[in-house]
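Enquirer: First the structure, then my questions, so here it is.
Quick note: the coordinates plus some simple rules give every number you see, no bench work behind them. What you are looking at is a predicted structure, and each value in this text was computed from that prediction instead of being measured. As a convention, Cβ positions derive from the backbone with ideal geometry for all residues, glycine included, and neighbour counts pool all protein chains shown.
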Number of protein chains: 6
Amino acid sequence: MPVVQIDGGPLSVEKKRELCGNITEALSTAYGLPKSAYIILIRENTGENVGVGGELLCDRH
Amino acid sequence: MPVVQIDGGPLSVEKKRELCGNITEALSTAYGLPKSAYIILIRENTGENVGVGGELLCDRH
Amino acid sequence: MPVVQIDGGPLSVEKKRELCGNITEALSTAYGLPKSAYIILIRENTGENVGVGGELLCDRH
Amino acid sequence: MPVVQIDGGPLSVEKKRELCGNITEALSTAYGLPKSAYIILIRENTGENVGVGGELLCDRH
Amino acid sequence: MPVVQIDGGPLSVEKKRELCGNITEALSTAYGLPKSAYIILIRENTGENVGVGGELLCDRH
Amino acid sequence: MPVVQIDGGPLSVEKKRELCGNITEALSTAYGLPKSAYIILIRENTGENVGVGGELLCDRH
């Protein structure tokens, strides 16, 4: 059941596919459960909805 | 204040309405608070953003 | 894969068991997936870590 | 690293900008870390995806 | 219903009380709802359970 | 700022350290940001607080 929630910016499907495989690999090493047990949720956030250091990402530069 | 976050695939409004009522019922039985206290957040995820067993849901089949 | 996160106060194991069954029932009706697909995470929060209306729950009354 | 996730309804960019600044201010007072450490994620939910008191927000009035 | 989840390190009750008030203030300015609508969940994480830059916080220094 | 939340069972510090390194590696490949940008939150859940298939993990076997 380990469940992973990833919040980042937008990603291409290829990047998501690779990320999903690599994260699952990392989880398998840690928890030692069958691969089918791991669930990954990818959330793509726009720069308008993320603040770092008191500033929205869309306001940087 | 019990707060429930539900991550699944897309649902019709009818399904959401029914789900919301049933989850609130289940929470009332457990926590015994007035119905107005329960908050439910439904997140609809596309198959591209969910990984199960190291594979994106959109790649299955 | 639907994943449910429940944030509330402390519950007895009996209450958790019943809640888990009832929530899974509600999810099955909505998503129509085999029961084994549903994952529920229960988080028990102390009154010191929950704020409602600008006030910590532990400060009420 | 303090990370804040905010689930509410839709907001204008101006409101998000102000919210981000004010939340970061509040976090700085509590945790005393350099401003760059604070991360805020704003999630905008439609009334169809939020339930309060067993009812979807989009069904109210 | 806006719900805020805060993940940081441990805090004293006094700090939590102040944080809860200040965050609620910031939310009120943004969403314009009655104060009773805002829910805040504070999660206190140990350095062993937080990674920044590929390193656990408990391993720093 | 990518933020990862991992919900699983208890882990030793050694396992957490390795997991944190491997997850950060996987994130770097996907997002291409400097390592310091990635934040990982590990949540350790007891079998009493996790339901799979309508059953608490602590009730299995």
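Enquirer: Starting from a label point 7 Å past Cα on the Cβ side, list the distances from B:Arg60 to the same position in the other copies, nm, shortest first.
Expert: 1.8, 3.5, 3.5, 3.9, 4.0
Enquirer: Using a 10 Å cut-off around each Cβ of peptide A:24-33, what is the average number of partner chain Cβ atoms that fall inside?
Expert: Values: counts 6, 5, 11, 7, 2, 4, 14, 6, 1, 2.
Averaged over the peptide's residues, the number is 6.
Enquirer: Net charge around A:Cys58, counting only other residues with Cβ within less than 15 Å of its Cβ (Lys, Arg = +1; Asp, Glu = -1)? Before the final figure, lay out the partial values.
Expert: On the way: positive: A:Arg60, D:Lys15, D:Lys16, D:Arg17; negative: A:Glu44, A:Glu48, A:Glu55, A:Asp59, D:Glu14, D:Glu18, D:Glu44.
Neighbour charge sum, excluding A:Cys58 itself: -3.
Enquirer: Given A:Lys16/D:Lys16; A:Lys16/B:Lys16; D:Lys15/F:Lys15; B:Lys16/C:Lys35, which pairs have Cα atoms separated by over 30 Å? Working shown, then result.
Expert: On the way: A:Lys16/D:Lys16 28 Å; A:Lys16/B:Lys16 28 Å; D:Lys15/F:Lys15 42 Å; B:Lys16/C:Lys35 18 Å.
Among A:Lys16/D:Lys16; A:Lys16/B:Lys16; D:Lys15/F:Lys15; B:Lys16/C:Lys35, the Cα-Cα distance tops 30 Å for D:Lys15/F:Lys15.
Enquirer: Over the alpha-carbon set of the range A:3-59, work out the extent along each principal axis and list the three values in angstrom, largest first.
Expert: Computed over the range A:3-59, the largest-to-smallest principal extents equal 43, 23, 13 Å.
Enquirer: I'd like the distance separating the alpha-carbon centroids of the range D:35-61 and the range E:2-52, in whole Å.
Expert: Computed from Cα coordinates, the inter-centre distance equals 16 Å.
Enquirer: Follow-up question, since we're still on this one. In chain F, which trypsin sites (Lys or Arg not before Pro) fall in coil by DSSP and have 12 or fewer other Cβ atoms within 10 Å?
Expert: Details: sites: F:Lys15, F:Lys16, F:Arg17, F:Lys35, F:Arg43, F:Arg60; in loops: F:Arg60.
Sparse-neighbourhood loop trypsin sites (Lys or Arg not before Pro): F:Arg60.
Enquirer: Continuing with this model, one more query. Shortest first and in nm to one decimal, what separations exist between F:Pro10 and its copies in the other chains, measuring from label points 7 Å along the Cα-to-beta-carbon line?
Expert: Nearest first, the other copies' label points are 1.8, 1.8, 4.4, 4.5, 4.8 nm away.
Enquirer: Can you give the % of DSSP beta bridges in chain C that are antiparallel, to the nearest 5? Numbers along the way, then the final one.
Expert: Details: 2 of 8 bridges.
Here the share of antiparallel DSSP bridges comes out near 25 percent.
Enquirer: For chain D, find the longest principal axis of its Cα atoms and tell me its angle to the long axis of helix D:13-31, 0 to 90°, nearest 10.
Expert: Helix D:13-31 sits roughly 50 degrees off the main axis of chain D.
Enquirer: Can you work out the Karplus-derived ³J(HN,Hα) for every residue in the range E:48-60? Use 6.51 cos²θ - 1.76 cosθ + 1.60 with θ = phi - 60°, whole Hz, and x for glycine or proline.
Expert: With coefficients 6.51, -1.76 and 1.60, one gets 6, 10, 10, x, 10, x, x, 10, 6, 4, 5, 9, 6 Hz.
Enquirer: Can you order the peptides E:25-33, A:50-58 by their average number of other Cβ atoms within 10 Å per residue, highest first? Intermediate results must be reported in sequence, preceding the final value.
Expert: On the way: E:25-33: 17.6, A:50-58: 19.3.
Top to bottom by mean Cβ count within 10 Å: A:50-58, E:25-33.
Enquirer: Grab the residue from chain F whose Cβ hugs the F-to-A rotation axis most tightly, plus its distance in whole angstrom.
Expert: F:Gln5, 2
Enquirer: Using a label point 7 angstrom from Cα along Cα-to-C-beta, what distances in nm, from shortest up, separate F:Gly47 from the other copies?
Expert: Ordered by distance, the counterparts are at 3.2, 3.3, 3.6, 4.7, 4.9 nm.
Enquirer: Sticking with this structure for a sec: Count the DSSP beta bridges whose two residues both fall in the protein assembly as shown, then state the antiparallel fraction as a percent rounded to the nearest 5. Each step should come with its number before you reach the end.
Expert: Values: 45 of 81 bridges.
Taking every DSSP beta bridge with both residues in the protein assembly as shown, the antiparallel ones total about 55 percent.
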